[in-house]
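The structure under discussion appears below in the form of structure tokens.
We did not get these values from a lab; they are worked out from the coordinates using the rules stated. Since we're looking at a predicted model, the values are computed, not measured. Ideal geometry is used to build each Cβ from the backbone, glycine not excepted, and the neighbour counts take in all protein chains shown.
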């Protein structure tokens with residue numbers, strides 16, 4: 001079952017590979033589908049790979065092999081499935097299997113934990129992502145955590161906590177005005193907020209620096 005964008009990308013890939021023998025660049029794919037960022041293309045390719053429609057050939061640049069042609073899907077009901085709003089992300093689950101939690105905006109917005117209580121927007125989340133305690137949701141902006149599969153556009157489900165241990169994925173508020181999702185480390189009295197993307201450097205703060213833990217990442221909701 002494919003979304004409209006997944007099918008559109010699959011058709012574009014098949015056409016370009018058949019005509020030139022190589023897969024198009026991410027920039028070409030982004031332009032063809034009218035997307036704003038390459039991370040959106042990355043998510044679509046991963047989704048198609050997971051569903052068995054293509055595979056990325058290792059150790060070769062711009063090498064994608066089509067395993068199932070889009071023409072094989074004609075007549076199926078997959079083509080027009082649209083992404084649902086976040087609050088309907090899991091429509092097939094029974095009511096007692098989901099819980100409504102506050103959606104407080106983008107993770108880069110720098111909202112302090114107190115703002116969660118004032119939020120009027122809610123998102124329904126499967127109980128399997130939650131435990132005891134209070135939770136909130138944030139939209140992921142940026143690509144600093146892509147190497148562990150956290151991409152721009154994902155929804156982070158966060159358990160409210162004001163402390164963390166080394167290795168935790170945390171939402172931290174720095175200097176009261178910048179919120180960030182990073183891996184937390186504490187070394188010799190210093191706090192290190194470490195990205196999961198080799199293109200970014202760790203953020204190191206002295207013991208007295210203003211870093212406040214807002215919560216611990218509980219799970220990710222991805223919309224294709």
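Some observations on this one:
- Net lengthening on full extension, residue 199/residue 212 (0.36 nm per residue, minus Cα-Cα): 2.2 nm
- Applying 1/(1 + (r/R0)^6) with R0 = 30 Å to the Cβ-Cβ distance of residue 122 and residue 33 gives a FRET efficiency near 0.45.
- Enclosed volume per residue, in Å³, of the convex hull spanned by Cα atoms of the stretch 4-73: 84
- Additional length obtainable on full extension of the chain from residue 178 to residue 25, 0.36 nm per residue less Cα span: 51.7 nm
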